[in-house]
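Student: One structure, as structure tokens, below. Some questions next.
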Amino acid sequence: LWKTMGEFNDANIARVYQQDEVKVELLIVALIEGQFRILSLDEHGPRDHPYFGAIGTGQDSAMSSLRWRSPTDFTDMHAAIYFAYEAKRMGEVSPYVGKLRTYINVLKPVDDYGILCGVVTGDGIVELGKAFRLFGPQSFNPQWRLSKDSLVL
């Protein structure tokens, strides 16, 4: 991936699959012609993701959370950071997704081909945890019932 982005394309990735079986998953954020692209690479080959992506054993839960939030390229940065945090937390339903630490890097395009990389601090992660308790999945009252006219058996 350290090669120039001009050499990074789906044909080059496909060549890897012709040589060896891939046993890892990668989520790649690439800046191509001034636009970010999210790509994943796994045993099924390369995939392009329009606005978000996830990999690993928590992928289904994380992607479900992200689909629910429906981020686009117009989503506010702070909302997008929260959505990423929420998706990671939802992915923690998998026993193989770490629960002790969460790291979030924020990428911003600079000029035509540069990338500025920022980080959400530990205090920011604490704030995201508080937001998750407010906006994330809520507890369910098992005594809740549909009204008598809302269920016909």
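The values are calculated or read from the model by the stated rules, or taken from the named source; none is laboratory data. The shown structure was predicted, so the numbers you read here are calculated from the model rather than taken from an experiment. Cβ: placed from backbone, ideal geometry, glycine included. Neighbour counts: every protein chain shown. Side chains are part of the model used for accessible areas, which takes the heavy atoms of the whole protein and leaves out ligands, DNA and RNA. Shrake-Rupley method; radii C 1.70, N 1.55, O 1.52, S 1.80 Å.
Student: Starting from the residue with the highest accessible area, list LEU41, LEU107, LEU151 in decreasing order, probe 1.4 Å. Intermediate values should be presented prior to the final figure.
Tutor: Details: LEU41 30, LEU107 70, LEU151 95 Å².
Ranking LEU41, LEU107, LEU151 by accessible area, largest first, yields LEU151, LEU107, LEU41.
Student: Follow-up. Along region 103-109, what does the Karplus equation 6.51 cos²θ - 1.76 cosθ + 1.60 (θ = phi - 60°) give for ³J(HN,Hα), rounded to whole Hz, x for Gly and Pro?
Tutor: After applying 6.51 cos²θ - 1.76 cosθ + 1.60, I find 10, 10, 9, 10, 9, 9, x Hz.
Student: Quick one: what are the phi-derived ³J(HN,Hα) couplings along region 136-141, Karplus 6.51/-1.76/1.60 with θ = phi - 60°, whole Hz, x for glycine and proline?
Tutor: Taking θ as phi minus 60°, the curve returns x, x, 9, 5, 10, 7 Hz for region 136-141.
Student: Here is a follow-up. Take the Cα pairs of region 46-110, get the Kirkwood Rh, then feed it into Stokes-Einstein at 37 °C and 0.692 mPa s and tell me D in µm²/s.
Tutor: Numbers: Rh = 12.5 Å.
Calculated translational D: 263 µm²/s.
Student: Related question: If I fit a long axis through the Cα atoms of helix 77-91 and take the longest principal axis of the Cα atoms of the chain, what angle between them do I get, 0 to 90°, rounded to 10?
Tutor: So the helix axis and the longest Cα principal axis differ by about 70 degrees.
Student: Once phi is turned into θ = phi - 60°, what whole-Hz ³J(HN,Hα) does the Karplus curve with 6.51, -1.76 and 1.60 give for every residue of region 125-135, x standing for Gly and Pro?
Tutor: 5, 4, 4, 5, x, 5, 5, 4, 5, 7, 9
Student: Going through region 44-153, which trypsin sites (Lys or Arg not before Pro) have at most 16 other Cβ atoms within 10 Å and a DSSP loop state?
Tutor: Numbers: sites: ARG47, ARG67, ARG69, LYS88, ARG89, LYS99, ARG101, LYS130, ARG133, ARG145, LYS148; in loops: LYS99, ARG101, ARG145.
Passing sites in region 44-153 are LYS99, ARG101, ARG145.
Student: Now a separate question. For the chain, would you read off the P(r) tail past 22 Å as a percentage of all alpha carbon pairs? Mind dumping the intermediate values first?
Tutor: Values: 6140 of 11628 pairs.
That fraction is 53 percent.
Student: Out of region 36-111, which GluC sites (Glu not before Pro) are coil in DSSP terms and have no more than 14 other C-beta atoms within 10 Å? Please list the in-between numbers first.
Tutor: Values: sites: GLU43, GLU86, GLU92; in loops: GLU43, GLU92.
Passing both the DSSP loop test and the Cβ count: GLU43.
Student: Restrict the search to region 57-153; then list the chymotrypsin sites (Phe, Trp or Tyr not before Pro) that DSSP places in a loop and that have at most 14 other Cβ atoms within 10 Å of their Cβ. Provide the component values of the computation, followed by the final result.
Tutor: Working: sites: TRP68, PHE74, TYR82, PHE83, TYR85, TYR96, TYR103, TYR113, PHE132, PHE135, PHE140, TRP144; in loops: PHE74, TYR96, TYR103, TYR113, PHE140, TRP144.
Loop-located and lightly packed - PHE74, TYR96, TYR103, TYR113, PHE140, TRP144.
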